[in-house]
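The values are calculated or read from the model by the stated rules, or taken from the named source; none is laboratory data. Only a predicted model underlies this, so the values are computations on that prediction, with no experimental measurement involved. Neighbour counts are summed over all protein chains in view; Cβ atoms, including those assigned to glycine, are modelled from backbone coordinates with ideal geometry.
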Amino acid sequence: MELHISLNGSKGLAEQLYRQLRDGIDSGRLTAGTQLPPTRLLAEQLGVSRKTVAEAYSRLTYDNLLSGKVGKGTFITPAPTHVPAAASSIALASAQALEKWLARANPLADMRSSPVRYDFIGGASSKGQFPFDDWRRCNQYALRQIRTSSARYAAHQGLPELREAIARHIAFARGVRCSSADVLVCNGAQQALDLIARVLIEPGCKVAMEDPGYTPVRQLFLAQGADLQYVPVDSEGLCVEQIDDGTRLIYVTPSHQFPLGMPMSQARREALLARAAALGAIIIEDDYDSEFRYEGRPTDSLQSMDRHGLVAYVGTFSKTLLPELRLGYTIAPPALREALCIAKQLTDWHTPTLNQWALARFISEGSLLKHIRRVHEVYAARRARIVQRLQGDLAPWFEVIPATAGYHLSALAKGDLDVQFVIDMARKVEVGLYALAPFHAQAPVRSGLLIGFGAIELLDIDPALDRLRDTLQRLDGLAS
């Protein structure tokens, strides 16, 4: 065996050889069980003394990285197997609290655990559409800003430049009435929701949310000790008249109900605002993906209709840009603003400044609106093709729920179709499908599919749905 080793100069040769062999072992290039050349042979190959090689081998042996076998040679030692520490036999005083957190299941996390070739996962955007060159240029700008700024923590509410850019953008795109002073920059919408829950929810207080609804929010509210009321939805959205007296907080997704997809009607929005005013309750408006609209006239945000300072508007750039950026915000009502800022400061002080500068530049130079317009056409084509198939050859098994925005839609199962069994069979042919059932907290559960089209390419839709149709036909054949 001849190793690729390069020694420079005439001094420190043993150290150089040791370091290069150590790096090869640590990086995995030299794997466990590999036999190294004898000291005499390696010395001849490198043109150094045998003593130099022996010294390097000796140091590696001392580090438990090499071992000698009599009559066989020198070998790289397998890394020691990690033995977990024995569980403590002491009963923890916090055991009950830990059990509660272990019960906070999230079906959305399971969706991302095992990728398939054709994936209709919800909430994921297409990285192929992301303007990486524009974002790289904005990051370079951000680095220049940080380099010239004082080495201090930034404002916990967010960079003034980004807050101003966000206020202008959502006023233009969603009709939100706010100034930069109302904007709190967060690590994604999930942190914005967490902060609102922290400052408003106390153990036992009443909180209302849609059912079916966004499971991470449900688990978040329960973790804060909320007495959670699951309010049903119909074709017009949340059934407002069923909200309990004494409710302190109401969570809704009015522009694109999650997960079913229908928008809340104007009459229902007005009723919700009136009910919240009567209760003195705060409304969380989660406007997670309504910038992508395909049919009908744009609807006003609930926040723009609020005349009493009761709506906390939550938005995110995870859907328009990339989830990995972890950038979101809330438009806080005046009564909540200071408390939310304190909670943000105590949580993580502020959102990473590099990303804030980059996003501020990205929005201000018009790249965000340009990107939204471009991907809107892409998503519209994907959505149209899925709807066409659901209303065509897949119509015997599914009924699509009308939705005008976002980049997922839902389809209800017809008859006694076993949706989970269909999902399991589809995964065997590399098609990722996802059930509506996990998003329900109470019966009756609507059996069907949540179909995301943000991450699947247009040319992959027909092959994937062909496989689904063939699977359904085979199941029908077995049942007959």
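Could you tell me whether ALA413 is of a type in the set (A, V, I, L, M), over 25 Å from the mean Cα position of the chain (by Cα) and within 24 Å of THR215 (Cα to Cα)? Criteria met by ALA413. Acidic (Asp, Glu), in the same structural domain as THR148 (by TED's automatic domain parsing) and under 23 Å from GLU291 (Cα atoms), is that true of GLU324? It is true that GLU324 is acidic (Asp, Glu), in the same structural domain as THR148 (by TED's automatic domain parsing) and under 23 Å from GLU291 (Cα atoms). Answer yes or no as to whether ARG373 is closer than 15 Å to PHE317 by Cα and without any contact (Cβ under 8 Å) to a residue 12 or more places away in the chain. Criteria met by ARG373.
Within the range 406-431, being surrounded by fewer than 21 Cβ atoms within 10 Å (Cβ to Cβ) and not in a helix (DSSP H, G or I) holds for LEU412, ALA413, LYS414, GLY415, ASP416, LEU417, ASP418, VAL429, GLU430. I'd like to know if the range 398-407 contains one or more residues that are without any contact (Cβ under 8 Å) to a residue 24 or more places away in the chain and at positive phi. Checked the range 398-407: no residue is without any contact (Cβ under 8 Å) to a residue 24 or more places away in the chain and at positive phi. Screening the range 424-439 for residues that are more than 20 Å from the chain's Cα centre (by Cα) and touching a residue at least 60 places away in the same chain (Cβ under 8 Å) and picking the one that is farthest from ASP234 (Cα to Cα) gives GLU430. The set of residues in the range 193-236 being charged (D, E, K, R), touching a Phe, Trp or Tyr at 6+ places or on another chain (Cβ under 9 Å) and more than 27 Å from PRO334 (Cβ to Cβ) consists of ASP211, ARG218.
Yes or no, residue by residue, for (1) of a type in the set (A, V, I, L, M); (2) surrounded by fewer than 16 Cβ atoms within 10 Å (Cβ to Cβ); (3) at pLDDT 95 or above:
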site	(1), (2), (3)
ARG382	no, no, yes
ARG385	no, no, yes
GLN391	no, yes, yes
PHE398	no, no, yes
THR404	no, no, no
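The set of residues from the range 356-375 being of a type in the set (Lys, Arg) and crowded, with 16+ Cβ neighbours inside 10 Å comprises just one member, ARG361.
Checked against (1) in a strand (DSSP E or B); (2) touching a Gly at 6+ places or on another chain (Cβ under 7 Å), ALA208 passes all but a single condition, namely (2). Is it fair to say PRO216 is touching a helix residue (DSSP H, G or I) at 6+ places or on another chain (Cβ under 9 Å) and surrounded by fewer than 22 Cβ atoms within 10 Å (Cβ to Cβ)? Yes, satisfied. Residues that are closer than 19 Å to MET264 by Cβ, surrounded by 21 or more Cβ atoms within 10 Å (Cβ to Cβ) and among the hydrophobic types (A, V, I, L, M, F, W, C) within the range 162-213 comprise ILE170, VAL176, ALA189, LEU193, VAL207, ALA208, MET209, listed in sequence order. Looking only at the range 412-433, decide whether some residue is under 29 Å from SER255 (Cα atoms), of a type in the set (Phe, Trp, Tyr) and out of contact with any Leu (no Cβ under 7 Å at 6 or more places or on another chain). No, the range 412-433 contains no residue that is under 29 Å from SER255 (Cα atoms), of a type in the set (Phe, Trp, Tyr) and out of contact with any Leu (no Cβ under 7 Å at 6 or more places or on another chain). Taken residue by residue, the range 260-270 has at least one member that is in contact (Cβ under 8 Å) with a residue 60 or more places away in the chain, out of contact with any Gly (no Cβ under 6 Å at 6 or more places or on another chain) and over 26 Å from HIS169 (Cβ atoms). One residue alone among VAL53, VAL48, VAL83 is among the aliphatic types (A, V, I, L, M), closer than 30 Å to TYR18 by Cβ and at pLDDT below 85, and that residue is VAL83.
Evaluate the following for ALA32: is it in contact with a Pro (Cβ under 9 Å, 6 or more places away or on another chain) and either assigned to a helix (DSSP H, G or I) or assigned by TED's automatic domain parsing to the domain that holds TYR62 (or both)? Answer is yes for this residue.
Against the conditions (1) within 23 Å of VAL400 (Cβ to Cβ); (2) surrounded by fewer than 21 Cβ atoms within 10 Å (Cβ to Cβ), PRO259 satisfies every one except (2). Would you confirm whether or not the range 382-393 contains a residue that is within 21 Å of MET262 (Cα to Cα), touching a Pro at 6+ places or on another chain (Cβ under 7 Å) and of a type outside the set (Asp, Glu)? No, the range 382-393 has no match at all. You will find that of ALA197, ALA167, ALA189, the residue that is over 22 Å from the mean Cα position of the chain (by Cα) and of a type in the set (Gly, Ala, Ser) is ALA167 and no other. A Cβ distance below 9 Å, combined with a sequence gap of six or more or placement on separate chains, defines the contacts here; from the range 37-52, residues that are without any contact (Cβ under 8 Å) to a residue 24 or more places away in the chain reach residues that are surrounded by fewer than 18 Cβ atoms within 10 Å (Cβ to Cβ) and of a type in the set (S, T, N, Q) in the pairs ALA43/SER49.
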